[in-house]
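First comes the structure, then the notes that go with it.
Taken together, the values in this text are just the output of simple stated rules run on the coordinates, not laboratory data. Just so you know, these numbers come straight off a predicted model, no measurement behind them. Here the Cβ positions follow ideal geometry from the backbone for every residue, glycine too, while neighbour counts run over all protein chains shown.
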Amino acid sequence: MKYLPLTLPAIEANLALDEALLEAAELGNSPHEVLRIWESGTPAVILGRSSRLDGEVNRSEVRSEAIPVVRRCSGGTTVVLGPGCLVYSLILSLESRPHLRSINLAHREVMEKLCEAIGNIPSEVPPVQWSGTCDLETGGRKFSGNSLRIKRDWILYHGTILYDFPIEKIERWLGYPPREPDYRNRRSHQDFLTNLSVDREELIAGMQRSWQAYEPLEAWPDELTQELLHSRYLDPNWHEGK
């Protein structure tokens, strides 16, 4: 698997790059599985593809604090990114892994790999487990949310890992989600979410080991990223249209 540790300057460009990696693979222009690691340098609220602004986002709060609200190409509910929240993005081949055409098996494969990556970290880390549809939690509190988008021959599976993020900001910026896993038990964001006590670099190294992602991806789809950025991710209608 190829490895791409790349964060672009703007949150919109980072979301565009995730989709560009998927589209480039689908078009046959980049026939490699990829693990990308990135981390937004500034806070942002990220809507799922079908998320609704009203209800999922406290619009007055994000507006008063000038927090960008942008939409990703994958499903799931709204999340918050920023420093202290690591993002991973996987581009996986459905030809090599045909079982991933089943969404349940796709969740299982990635969640088990993430648990393996965390479990093999040399430093002492709290026990983690897969709960709900595609959450990772420790001690009953969630630190990782994940989502996917499946095309004909390739899949984008990406997610967040909170390791040093101010949870109170999530409480302030997000409304209560429209759906929840049973283990949440109607808890607030503040009571439900937590940071995983883990060294960032050890976490990244663990993910590389689990996916055997060491060879650098030399040429990422810059031109396609720019096309998607200008046709979609810089268009207010894309972000506000639900």
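Annotations for the structure displayed:
- Computed over the range 160-217, Cα set: Rg, Dmax in Å: 15.4, 43
- Here the relative contact order of the chain, from alpha carbon pairs under 8 Å that lie six or more residues apart, stands at 28 percent.
- Environment charge at H32 (Cβ cut-off 9 Å; Lys +1, Arg +1, Asp -1, Glu -1): -1
- Longest site-free stretch - the chain; sites: GluC sites (Glu not before Pro), DSSP loop, at most 15 other Cβ within 10 Å: 125-217
- For the range 123-242, average projected area of the Cα convex hull in nm²: 10.3
- M1, M207 arranged by Cβ crowding within 10 Å, fewest neighbours leading: M1, M207
- Residue-averaged 222 nm ellipticity for the chain, from DSSP H runs of 4+ at -39500 (n - 2.57), nearest 500: -9000 deg cm²/dmol
- Helix runs (DSSP H) in the chain reaching 18 Å along axis by Cα, Kyte-Doolittle at least -0.5: 11-26, 103-119
- Fraction of antiparallel bridges per DSSP, the range 2-240 only, in percent to nearest 5: 75
- log10 of Debye I(q)/I(0), alpha-carbon scatterers only, for the range 2-240 at 0.15 Å⁻¹: -1.05
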